[in-house]
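Here the structure is laid out as structure tokens; the discussion comes afterwards.
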Amino acid sequence: MTAPKHMDSALLTDILRRMLTIRIFEEKTAELAESKEIKCPVHLYVGQEGIAAGVCAHLDSNDFVFSTHRSHGHYIAKGGDLNALMAEIFGKETGCSRGHGGSMHVLDTRVGFMGSSPIVAGSIPLGVGGALTNKFLGDKNVSVAFFGDGATDEGVFYESVNFATLYKLPMLFVCENNLFSTHMPDFKRQSNTEVYQRIANFNINTKRVDGNNPVEIYQEAKTMIDRAKEGKGPSLLECMTYRWLAHVGPDHDLDIGYRLKKDVDHWKSRCPIKHVRDLLFRMNELSEDQFVRMQRDIVAKVEKTVAFARTSPYPKETDIYDGLYKETV
Ligand SMILES: Cc1ncc(C[n+]2csc(CCOP(=O)(O)OP(=O)(O)O)c2C)c(N)n1
């Protein structure tokens, strides 16, 4: 079996490693939240890893990413520092936001991770601002805003798409449609649940893909990012997916009544990590042993992040206002 178009085994392995790192990091975070060692609310990304990995595989540290309350996967896929992320979730001084932000305010400009916003839809206008900056500077970088389907319930989504399309900004809107906004399904919120169709009248290039197929995501993101870099304007990629865990925290939300175990099990059988792993198996580019070793290495790395976070100091109370305002002369 040969590699899919525009891809080779090294790239597929890179995407697999990014997804596996996110999964293992999130599973550890869930465990620490369960035991209450992590006190900050955590919105976990388990099940959606293929989207961050497939999109961010195209980006370098000069490209911008803007994220949401469910940000850990985006930061990791963008090349973020695992120690700095775990320390941030612990609220420690060594965290990427110096312990002032926590899970929902992750920021690391060194890797072009321009911040996560817990204000639903907040990443969208911020992403457009990033794209406008790139356009003014005349560079070849793109700005990517990740957001959920719940964000498309907000007016600012439509204003932002309109502005970005009108000014042909180098921007990729990535809608991670996991079918729910907290506990409310899409069909109870929207008369047209197909985001990519709803937005098409803004003359934006748009497509819906299988959000659990990292190959499809990578390939479509490539077309869209190439287009943005050629000055042809923004695109919107709608990725159909599902979160395996609760809206917030380590549980499964099966006691609330808004979703059924059989739905969760169905989506678990469509695991994005398994998808790429099995593809590499079929290509004879990965063995069971190599996969187990990759898993073991990542587990060891994630365990080190916990030790790092535990032994790091908390920020000083006297620094509480640091970073709130930018000083001007
Ligand atoms: C402006 C605003 N309204 C409401 C909330 C409360 N809230 C937090 S997360 C969330 C659901 C967001 O759903 P979606 O955008 O689909 O992302 P997902 O959680 O599914 O990843 C809501 C309504 C908020 N944080 N901000």
Full-extension gain in nm, residue 230 to residue 200, via 0.36 nm per residue minus C-alpha separation: 8.7 nm
Kyte-Doolittle mean at least 0.0 and Cα axial length at least 27 Å: DSSP H helices in the chain: 9-34
log₁₀ of I(q)/I(0) at q = 0.20, 0.24 Å⁻¹ - the range 221-272, Debye sum with one point per alpha carbon: -0.72, -0.88
Reference-scaled alpha-carbon Rg (2.2 N^0.38 Å with N residues) for the range 96-240: 1.02
Fraction of antiparallel bridges per DSSP, the range 138-203 only, in percent to nearest 5: 25
P(r), alpha carbons of the range 161-224 - 10 Å bins starting at zero, rounded %: 18, 45, 34, 3
Net +/- balance of residues flanking residue 17 in space, Cβ distance below 12 Å, scoring K and R +1, D and E -1: +2
Sequence ranges 302-310, 127-135, 1-9, ranked by mean other-Cβ count within 10 angstrom, highest first: 127-135, 302-310, 1-9
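Mind checking the range 137-190 for trypsin sites (Lys or Arg not before Pro) that DSSP puts in a loop (not H, G, I, E or B) and that have at most 13 other Cβ atoms within 10 Å?
Values: sites: 140, 168, 188, 189; in loops: 140, 168, 189.
Passing both the DSSP loop test and the Cβ count: 140.
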The range 257-314 shape via C-alpha gyration tensor axes, a/c threshold 1.5: oblate
Across 92/326; 28/92; 168/268; 92/274; 78/168; 28/78, pairs whose alpha-carbon gap is larger than 27 Å: 168/268; 92/274
Under the Debye formula (equal points on every Cα, no solvent term), log10 I(q)/I(0) of the chain at q = 0.07, 0.10, 0.13 Å⁻¹: -0.27, -0.56, -0.97
Spacing of the two label points (7 Å from each Cα toward its C-beta) at residue 304 and residue 187, in nm: 4.9
Beta bridges per DSSP with both ends in the range 104-256, % antiparallel, nearest 5: 15
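With N set to the number of residues, divide the alpha-carbon radius of gyration of the range 1-137 by 2.2 N^0.38 Å and report two decimals. Before the final figure, lay out the partial values.
Values: Rg = 15.3 Å, N = 137, 2.2 N^0.38 = 14.3 Å.
For the range 1-137, the normalised Cα radius of gyration is 1.07.
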Alpha-carbon gyration tensor eigenvalues x 5, square-rooted, for the range 181-305, Å: 30, 25, 14
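Quick note: the coordinates plus some simple rules give every number you see, no bench work behind them. Note that the structure is a prediction, hence the values are computed from the model and not measured. Cβ: placed from backbone, ideal geometry, glycine included. Neighbour counts: every protein chain shown.
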